[in-house]
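A quick write-up on the structure given underneath.
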Amino acid sequence: MHLSQSRLTHIDYINIHCLQPSNGFREERDTFGPIQVPADKLWGAQTQRSLQNFEIGGERERMPEPIIRAFGVLKKCAAKVNMEYGLDPAIGKAIMQAAQEVADGMLNEHFPLVIWQTGSGTQSNMNANEVIANRAAEILGHKRGEKYVHPNDHVNRSQSSNDTFPTVMHIASAMEINSRLLPNLKTLYATVHTKSIEFKDIVKIGRTHTQDATPLTLGQEFSGYSTQLQYGIDRVTCTLPRMYQLAQGGTAVGTGLNTKKGFDAKIAQAVAEETRLPFVTAENKFEALAAHDAFVECSGALNTIATSLMKIANDIRFLGSGPRCGLGELTLPENEPGSSIMPGKVNPTQCEALTMVCAQVMGNHVALTVGGSNGHFELNVFKPMIASNLLHSVRLLGDASASFEKNCVKGIQANKERISKLLHELMNPDGFFFCRPFSVTNARDIPESQNWV
């Protein structure tokens with residue numbers, strides 16, 4: 001029997017991927033009592049309860065991998081700092097080793113939870129605590145479920161889900177922006193800028209209101225695109241100082257209850273050293289827990305980039321329309337067949353993919369904005385959705401920018417003959433008032449073989 005992955009329900013996924021390969025079950029306990037957990041999985045009782053309580057969306061709605069990896073980074077740094085405050089060094093080092101495995105993506109199969117859970121991300125924080133605790137116990141020669149390394153008392157020491165989850169939101173987003181989005185946007189900018197120089201001497205007809213206007217160069221037109229991209233890069237970069245502020249140390253409501261003095265600054269420094277990014281402790285922990293304005297701000301910058309890329313992609317595909325009956329001023333790379341019914345047809349597929357990405361990013365921003373506005377009292381409870389949407393937008397824009405640059409922009413050529421033909425058909429040497437009556441009456445009736453020069 002073959003099951004389509006796209007048709008699997010959430011519980012189907014759990015049964016097929018989590019239960020069948022198991023060698024049985026083990027008993028784990030939490031404050032609600034005992035529960036059976038697949039023996040071959042590292043998670044514990046609270047993760048298992050979340051699997052049973054939130055059967056929403058299936059595998060495609062799982063917590064984004066950058067969040068999981070960020071949990072590994074954070075828990076490793078927390079263990080390092082907690083050893084300074086009295087955590088048993090043997091347990092601390094085992095936690096650090098297990099957390100590094102999470103950060104490296106080695107334990108992804110043990111993080112099955114979806115984003116549609118408690119709005120604080122508590123279940124995912126406990127998923128990380130349980131996985132790291134059981135793995136650390138194994139490293140020390142103990143069995144899963146024994147709680148020789150305790151998920152709360154050891155792995156989550158001096159932490160709360162309320163400050164831990166927003167911290168990993170910031171770590172994951174900053175890392176993805178720096179490693180994926182900005183490099184690809186900068187490459188796209190450089191290629192578009194190169195095209196603006198390449199096309200600097202090609203004079204063409206301009207268009208306003210989609211109607212014929214006065215001339216400019218194709219290079220000038222592309223310089224507008226490159227400047228949009230440069231401004232977009234600047235906008236995202238300007239949001240990073242707020243993204244580098246970490247909530248860790250605020251614990252439950254921002255007061256720092258149950259943590260050591262100086263823990264917040266030490267853990268921010270440890271995360272900065274681990275990631276090589278300039279993370280600092282948040283200036284105000286109450287804001288860091290109750291609001292996610294930094295994410296709304298960053299998503300707004302991504303929304304602006306999507307707006308720019310939508311305009312650029314549309315211009316390029318319209319300028320490349322044809323090949324016989326369109327504008328035909330640009331020749332776009334031919335990457336694949338475009339029709340199952342019309343032989344030889346090639347479509348501007350990279351432009352189409354990019355515009356769909358832009359539409360999705362705009363939708364993500366709307367949902368994220370709603371989430372950001374719902375920080376009631378001391379805690380925003382839309383955290384998983386906010387994080388997921390921002391990371392989705394970052395991933396889509398980064399990947400789409402790379403694809404568009406490689407498979408479209410780099411290979412764009414100017415159709416000089418067509419550009420010249422259109423330009424000379426529309427030239428007007430006789431002045432506005434002399435030509436206006438003629439143009440209003442007859443411009444649309446001029447045979448293509450004639451011109452005004």
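Against the condition assigned to a helix (DSSP H, G or I), buried (at least 18 other Cβ atoms within 10 Å of the Cβ) and at negative phi, how does residue 272 come out, does it pass? First the steps, then the outcome.
Values: assigned to a helix (DSSP H, G or I): yes; buried (at least 18 other Cβ atoms within 10 Å of the Cβ): no; at negative phi: yes.
When the stated conditions are applied, residue 272 does not pass them.
Among the residues of region 227-237, are any touching a Gly at 6+ places or on another chain (Cβ under 9 Å), assigned to a helix (DSSP H, G or I) and either modelled with pLDDT of 95 or more or over 22 Å from residue 190 (Cβ atoms) (or both)? Steps first, please.
Pass one, region 227-237, residues touching a Gly at 6+ places or on another chain (Cβ under 9 Å): 235.
Those left that are additionally assigned to a helix (DSSP H, G or I): 235.
The next check asks that each one be either modelled with pLDDT of 95 or more or over 22 Å from residue 190 (Cβ atoms) (or both); those that pass are 235.
Yes - at least one qualifying residue is present in region 227-237.
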(request) Take region 371-409 and flag every residue that is in contact with a Lys or Arg (Cβ under 9 Å, 6 or more places away or on another chain) and within 26 Å of residue 118 (Cβ to Cβ). (result) 371, 394, 395
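Which residues, taken from region 255-269, are assigned to a loop (DSSP other than H, G, I, E, B) and over 11 Å from residue 163 (Cβ atoms)?
Taking region 255-269 and keeping what is assigned to a loop (DSSP other than H, G, I, E, B), we get 255-262.
Of everything in region 255-269, those that are assigned to a loop (DSSP other than H, G, I, E, B) and over 11 Å from residue 163 (Cβ atoms) turn out to be 260, 261, 262.
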(request) Quick one: residue 283 ticks every box in (1) out of contact with any Phe, Trp or Tyr (no Cβ under 6 Å at 6 or more places or on another chain); (2) buried (at least 22 other Cβ atoms within 10 Å of the Cβ) except a single one, so which number is it? (result) (2)
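Could you tell me how many of the residues in region 119-143 are surrounded by 21 or more Cβ atoms within 10 Å (Cβ to Cβ), assigned to a helix (DSSP H, G or I), out of contact with any Gly (no Cβ under 6 Å at 6 or more places or on another chain) and of a type outside the set (Val, Ile, Thr)? Break it down stepwise before answering.
Filtering region 119-143 down to residues surrounded by 21 or more Cβ atoms within 10 Å (Cβ to Cβ) leaves 120-121, 123-137.
Filter once more, so that each one left must be assigned to a helix (DSSP H, G or I): 123-137.
Still in the running and out of contact with any Gly (no Cβ under 6 Å at 6 or more places or on another chain): 123-129, 131-137.
When the remaining residues are screened for being of a type outside the set (Val, Ile, Thr), the result is 123-129, 133-137.
So the answer is 12.
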(request) Determine whether residue 197 is under 16 Å from the mean Cα position of the chain (by Cα) and in a helix (DSSP H, G or I). (result) no
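Condition check ((1) within 30 Å of residue 237 (Cα to Cα); (2) surrounded by 20 or more Cβ atoms within 10 Å (Cβ to Cβ)) across all residues:
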residue: 148; (1), (2): no, no
residue: 154; (1), (2): no, yes
residue: 161; (1), (2): yes, yes
residue: 168; (1), (2): yes, yes
residue: 188; (1), (2): yes, yes
residue: 197; (1), (2): yes, no
residue: 210; (1), (2): no, no
residue: 222; (1), (2): yes, yes
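Quick one: which residue in 345, 410, 416 is modelled with pLDDT of 95 or more, more than 30 Å from residue 181 (Cβ to Cβ) and not aliphatic (A, V, I, L, M)? Don't jump to the end; show me each part of the working.
Numbers: 345 fails: modelled with pLDDT of 95 or more; 410 fails: more than 30 Å from residue 181 (Cβ to Cβ).
Checking each option against the conditions leaves just 416.
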(request) May I ask you to list the residues in region 168-220 that are modelled with pLDDT under 95 and charged (D, E, K, R)? (result) 212
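Evaluate region 232-245: report whether one residue or more is free of Cβ contacts under 8 Å to residues at least 60 places away in the same chain, among the acidic types (Asp, Glu) and surrounded by 18 or more Cβ atoms within 10 Å (Cβ to Cβ). First the steps, then the outcome.
Step one: filter region 232-245 for residues free of Cβ contacts under 8 Å to residues at least 60 places away in the same chain, giving 233-234, 237, 241-242.
Filter again for among the acidic types (Asp, Glu), leaving 234.
This time we only want the ones that are surrounded by 18 or more Cβ atoms within 10 Å (Cβ to Cβ), so: none.
No, the conditions are met nowhere in region 232-245.
Going by the conditions given, is residue 150 within 21 Å of residue 81 (Cα to Cα), in the same structural domain as residue 37 (by TED's automatic domain parsing) and either without any contact (Cβ under 8 Å) to a residue 24 or more places away in the chain or among the charged types (D, E, K, R) (or both)? Walk me through it before giving the result.
Numbers: within 21 Å of residue 81 (Cα to Cα): yes; in the same structural domain as residue 37 (by TED's automatic domain parsing): yes; either without any contact (Cβ under 8 Å) to a residue 24 or more places away in the chain or among the charged types (D, E, K, R) (or both): yes.
Yes; evaluated as a whole, the condition is true for this residue.
The values are calculated or read from the model by the stated rules, or taken from the named source; none is laboratory data. No experiment lies behind these values; they were computed from the predicted model shown. With ideal geometry, Cβ positions are generated from the backbone for all residues, glycine too; neighbour counts draw on all protein chains shown.
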